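What follows draws every value from the coordinates through simple rules; no lab data is involved. Keep in mind the model is a prediction, meaning the values are calculated, not measured. Don't worry about glycine lacking a Cβ; one is built from the backbone with ideal geometry, like all the others, and counts go over all protein chains shown.
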Amino acid sequence: MVLLALLCAAALAVLARGSIPPPEEAARMARFVLHNCDWGALATLSAQEGLRGHPFANIFSISDGAPGPGGGSGVPYLYLTDMEISVQDLEINSNASLTVSLAQTPYCKKHRYDPQNPLCAHIIFCGSIVKVNDSEAALAKKALFTRHPEMESWPKDHNWFFAKFNITNIWVLDYFGGLKIVTPEEYYNVKP
């Protein structure tokens, strides 16, 4: 009974965030998936001894705005510290990719989609990580701390800073038949 109640609550949470866009609306799908994900896999080129030049993926909490309807800004914000191994990679080469997937939401489980099934939509962003400027810091802080309140209590001596993923390329896989390419202009101009 408890499991059923939890599944119903999870399904309602996804529904509260809005309906999934149809596959022919790739830009809207990209915005929808990002907004509904709390974390993503960030891949860098390692600068670490023994791994130098090899791909290195790591999980990071992200947010483009407060959860729920409204769609967010579309900008993936991150809370980072130079102590983190991937951030050390980014200090050498800021280029990265960020993958987010509906597999982390109740949607794919509800429909019994395997995470690799294209119907369990995932988005791959390519670009670079940049520190946000002072005028954008308040927006990044609100977006991240609303969704990840624990961040506010993380050790101050780690010198945390707000950053964003500067998107240059977007690939959407949400249906059979291959990737769809969405330009950053299409992505930011669509109404989520």
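Which value at 222 nm does the chain reach when only helices count, each DSSP H run of 4 or more adding -39,500 (n - 2.57), with the total divided by all residues and rounded to the nearest 500 deg cm²/dmol?
Rounded to the nearest 500, the figure is -9000 deg cm²/dmol.
Shape of the stretch 70-125 from its Cα gyration tensor (a ≥ b ≥ c, root eigenvalues): rounded if a/c is under 1.5, otherwise prolate when a/b > b/c, or oblate?
Because a/c hits 1.5 or more and a/b exceeds b/c, the stretch 70-125 counts as prolate.
So which of Lys156/Lys180; Lys110/Lys142; Lys109/Lys191; Lys110/Lys131; Lys110/Lys156 end up more than 32 Å apart by C-alpha?
Cα-Cα > 32 Å for Lys156/Lys180; Lys110/Lys131; Lys110/Lys156; rest within.
Please work out the ratio of the alpha-carbon Rg of the stretch 30-69 to 2.2 N^0.38 Å and round it to two decimals.
1.56
Principal axis lengths of the chain from Cα atoms, whole Å, largest first?
45, 38, 34
With a 10 Å radius around each residue's Cβ, average the other Cβ atoms per peptide and rank 22-28, 64-70, highest first.
22-28, 64-70
Sequence-distant or interchain residues sharing an amide H contact under 5 Å with Asn166, placed H: which?
For Asn166, whose amide H was placed from the backbone, the distant partners under 5 Å are Ser128, Ile129, Val130.
Based only on Cα atoms, what Rg/Rh ratio does the stretch 37-105 have, Rh being taken as Kirkwood's radius?
Radius of gyration relative to Kirkwood radius: 1.03.
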